[in-house]
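Here is the structure we will look at.
Please treat every number below as a calculation from the coordinates, not as lab data. Predicted, not measured: the structure shown is a model, and the values here were computed from it. For neighbour counting, all protein chains shown are included, and Cβ atoms are generated from backbone atoms with ideal geometry for every residue, glycine included.
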Amino acid sequence: MRCFIAVEIDPPIRRRLASLQRDLASAGLPVRWVRPERMHLTLRFLGEVADDRLGEIGGVMADVARKGSPFELRVAGAGCFPKSGRRVRVVWVGLEDPTGRLQACQALLEAGLQGLGFEPEDRPFAPHLTLGRVKTPSRPEPLREMVAAAADFDAGVLTVGRMILFESRLQKSGPEYTVRVRERFG
């Protein structure tokens, strides 16, 4: 099964993100917007995972969760990936982690998963919430200008109290997520 470990987004934050999406979508640019109920903060994409490995992955998550306690992130700012160049692939909202606890949590999770034989990520952890993905290559300037106008966006504070191992099934209507493991911090 295709799996990832993530943090769910609180409903008030989702509503503010959906409002920003509507504002950006009004420009009619070729972006496939993420449905608000599917928004999440990915801590680690795992790819295809055998069903019999869920217990050991859950064990790593439990170890990381026990070492921490709930923490807060500010959901603010907006941008595009890649940050420069001729093509935009992703429109995102940023996460401010002034205490460094998100980075520490993700690093512990990464180390534990590597101990289970998962290959390390090939790029540094860049915490963000994906708002949309560009459907077709186009001139990036209009989209970058629209997103730059939302640079001061602030959706408020997200309390991170647990992490979840999701199974993702790709459907024509978009991905469907099923909770496989939940671990609370503290």
Along the Cα-to-Cβ line of Glu176, 7 Å from the Cα, sits a label point; which residues in region 20-51 have backbone N less than 16 Å from it? 38
Give me the tail of P(r) for the chain as a percent: Cα-Cα pairs with distance above 23 Å. 45 percent
Residues of type aspartates and glutamates that Lys67 reaches as a straight line, Cα spacing below 18 Å, ignoring anything fewer than 8 places off in the same chain: Glu56, Asp97, Glu110, Glu183
Of Pro175, Val157, Ala111, which is farthest on the positive side of the dipole of the chain, counting Cα position, with +1 on Lys and Arg Cβ, -1 on Asp and Glu Cβ, and the Cα centre as origin? Pro175
Under Stokes-Einstein, region 58-158 at 4 °C and 1.567 mPa s, with its Kirkwood radius over C-alpha pairs, diffuses with a coefficient in µm²/s of 83 µm²/s
Nearby lysines by direct alpha-carbon distance to Lys135 (threshold 26 angstrom, same-chain neighbours under 8 apart not counted): Lys83, Lys172
Diagonalise the Cα gyration tensor of region 1-103 and give the resulting equivalent ellipsoid semi-axes, square root of 5 times each eigenvalue, largest first, whole Å. 29, 18, 14
Return the distance in nm (one decimal) between the two label points of a simple spin-label model at Val90 and Asp122, each offset 7 Å from Cα along Cα→Cβ. 1.4 nm
Relative contact order of region 2-184, pairs being alpha-carbon contacts under 8 Å that are 6 or more residues apart, as %: 35 percent
Expressed in angstrom and rounded, the centroid-to-centroid distance over alpha carbons for region 29-55 and region 78-94 is 19 Å
Of Ala25, Val147, Ile9, which is farthest on the positive side of the dipole of the chain, counting Cα position, with +1 on Lys and Arg Cβ, -1 on Asp and Glu Cβ, and the Cα centre as origin? Ala25
Can you pull a Stokes-Einstein diffusion coefficient for region 123-179 at 25 °C (0.890 mPa s), Rh from Kirkwood over Cα pairs, as a whole number of µm²/s? 161 µm²/s
Size of charge dipole - region 2-184 - debye, nearest 20, with Cβ of Lys, Arg +1 and Asp, Glu -1, no other charges: 640 debye
